[in-house]
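What follows is one structure encoded as structure tokens, with my remarks underneath.
The values are calculated or read from the model by the stated rules, or taken from the named source; none is laboratory data. All values derive from a computational prediction rather than experimental measurement. Counting neighbours? That spans all protein chains shown, and the Cβs are built from the backbone with ideal geometry, glycine included.
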Amino acid sequence: MKRTLTDVRNSLLTKWCASGVLLCSVAFACSEETNVEVADDRAALVKRETLRAWEGYKRYAWGMDEFNPLTKTGSNWYEVPLAISPIDAYSTLRVMGLDEEAKEVEVYVETLNFNKDISVSVFETNIRVLGGLLSMYQYTSNPKILAKAKDVGDRLLPAFNSTTGIPYASVNLHTGAVSGDGAGPAGAGTFTLEFGLLSYYTRDPVYYKKAKKAMQAMFDRRSERGLIGDFIHINSGDWLSSKSSISAGSDSYYEYMIKTWLLFKDPDMKAMWDATSAAIQKNMPEEKDGRVWYGPVDMHTGERAGSTVTLYDAFYPATLAVGGYVPEAEKFQTTWDWLWNKYGLEPMAYNYNTGNIEGHTYDLNPEIVESAYYLYHFTKNEKYKHMAEKYFDDIEKYCRTDVAYTKVDNVVTKQQGDALATFFFAETMKYFYLLFSEESGAFNFDDYVFNTEAHTFRKNLLDQKIVDDVLLKN
Ligand code: DMJ
């Protein structure tokens, strides 16, 4: 059976850890602002290439979770499809003004039934499926889409019935049976945006309460240094690994603290972000050959616990920038840019002490592009645009196929593999497009918070009084 991103992430984690409606349809105006044809050539190229890849997916894999562009087949994460590619692609299609294609997805999603006897990743289903549906609802005001989002949210809820409130890794969408009682920080703290929006639109606080409790449970188990480990037992609350990192399995826990503050103005989230970021700045950065790395450290002693980093870590400049740490973000982005240019693509895992690659694949991941976009937005320094131009050129050179784009199994040999990850549609192409079209002013950054899958959540559509009443009241 095909390995999903979760499997890969889990295997990386295992390796590293072992060392350790009633629906309230709320009326609001759908924005026209994103449906603007953008003049910039680069942005137009990104849009054309997204459409070309999307047509490849539609032609050869429609309805399936993922497209395999070399064999021109489709594949599913589980025994039956969850339509992850279309749901994940929707918000990008809208951002690019590909409205006919987006409408086709919306109509298709109305027909989907999530009552499926499959055990799914709670994390991935939340960020890609629930996140995608909620963004779709904000664009369309279609109550059938909100009903789908609520249905998915309800099917994920049993996962949160652990002793600590940190969710089980997997839940069966039909039976509610749960499994997987070890979690990383991202598995605990990447729900507050989606579950918060679901609470907002359904006026039911249960979702946000569960998501916040899970995040808080992780935070409450921090060490005297303010750091957390990277694997915990969700029922005993005992740390299974005291290695503290910003890498795969931990990353979006940090991201969601600041973004949940920005979306809902929950002061508890801001307090967690402030304390956690200060602890990271104090303990993790390490200089090597003039470059800064945020390598893992022991959560209790602060001792260096390795020098392996993952390409996922390149999300952190964006998170630092949106959290007010722009100089630190700029410095860290320089490191990722250096690593990209060392190989012409980014390796999945890299040891900055030995200089060796420890994971050779590049799965069309977005993080370095995301950070270039945020830094371009905040600094307007052209160098971030030039960085992104180089990333796009390299992706075109090594990952482009006759019908779409595909992963590279080895960033040294550039040997292509046969998978187009759904986040290429959701994130990678969206961030390229937004960066290259920034000057057009067509997309107002300040109106949005992106979930970790780059789904656009419109904060200017939210009524803070409703947020206060439904989400933030004790
Ligand atoms: C995406 O699925 C999300 O950004 C997630 O948080 C981690 N990274 C992958 C893409 O690399």
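Descriptive notes on the structure:
- Subset of the stretch 251-263 [out of contact with any Phe, Trp or Tyr (no Cβ under 8 Å at 6 or more places or on another chain) and either more than 16 Å from the ligand (Cβ to nearest atom) or within 18 Å of L462 (Cα to Cα) (or both)]: T260, L262
- Whichever residue in the stretch 267-311 is touching a strand residue (DSSP E or B) at 6+ places or on another chain (Cβ under 8 Å), part of a helix (DSSP H, G or I) and not polar (S, T, N, Q) and, among such residues, is surrounded by the most Cβ atoms within 10 Å (Cβ to Cβ): L311
- Listed conditions (1) away from the ligand (no atom under 16 Å from the Cβ); (2) not in a loop (DSSP other than H, G, I, E, B) are all met by E124, apart from (1).
- Candidates G196, G184, G153 - the one that is surrounded by 24 or more Cβ atoms within 10 Å (Cβ to Cβ), more than 30 Å from Q464 (Cβ to Cβ) and either away from the ligand (no atom under 16 Å from the Cβ) or within 18 Å of the chain's Cα centre (by Cα) (or both): G184
- Only residues that are assigned to a loop (DSSP other than H, G, I, E, B), out of contact with any helix residue (DSSP H, G or I) (no Cβ under 7 Å at 6 or more places or on another chain) and farther than 24 Å from D220 by Cα were counted in the stretch 141-197, giving 4.
- Only one of the listed residues (K282, K259) is more than 23 Å from the chain's Cα centre (by Cα) and among the charged types (D, E, K, R). That residue is K282.
- Residue pairs whose Cβ atoms lie under 7 Å apart, sitting 6 or more positions apart in sequence or on different chains, and linking a residue in the stretch 356-384 that is closer than 18 Å to D447 by Cα and modelled with pLDDT of 95 or more to a partner that is of a type in the set (F, W, Y) and not in a helix (DSSP H, G or I), do not occur here.
- Considering residues of the stretch 132-144 that are buried (at least 24 other Cβ atoms within 10 Å of the Cβ) and out of contact with any Ser or Thr (no Cβ under 8 Å at 6 or more places or on another chain) only, the residue farthest from D463 (Cα to Cα): L133
- Being assigned to a helix (DSSP H, G or I), acidic (D, E) and either within 13 Å of the ligand (Cβ to nearest atom) or farther than 30 Å from K58 by Cα (or both) holds for only one residue in E453, E396, E427, and it is E427.
- Only one of K331, K342 that is of a type in the set (K, R) and within 25 Å of K380 (Cβ to Cβ): K331
- The one condition in (1) part of a loop (DSSP other than H, G, I, E, B); (2) over 22 Å from the mean Cα position of the chain (by Cα); (3) closer than 24 Å to P296 by Cα that W338 fails to fulfil: (1)
- The residue list A329, A314, A349, A318 contains one member that is within 16 Å of the ligand (Cβ to nearest atom), modelled with pLDDT of 95 or more and surrounded by fewer than 24 Cβ atoms within 10 Å (Cβ to Cβ), which is A349.
- For K212: the one exception among (1) within 16 Å of the ligand (Cβ to nearest atom); (2) over 13 Å from M299 (Cα atoms); (3) touching an Asp or Glu at 6+ places or on another chain (Cβ under 8 Å): (1)
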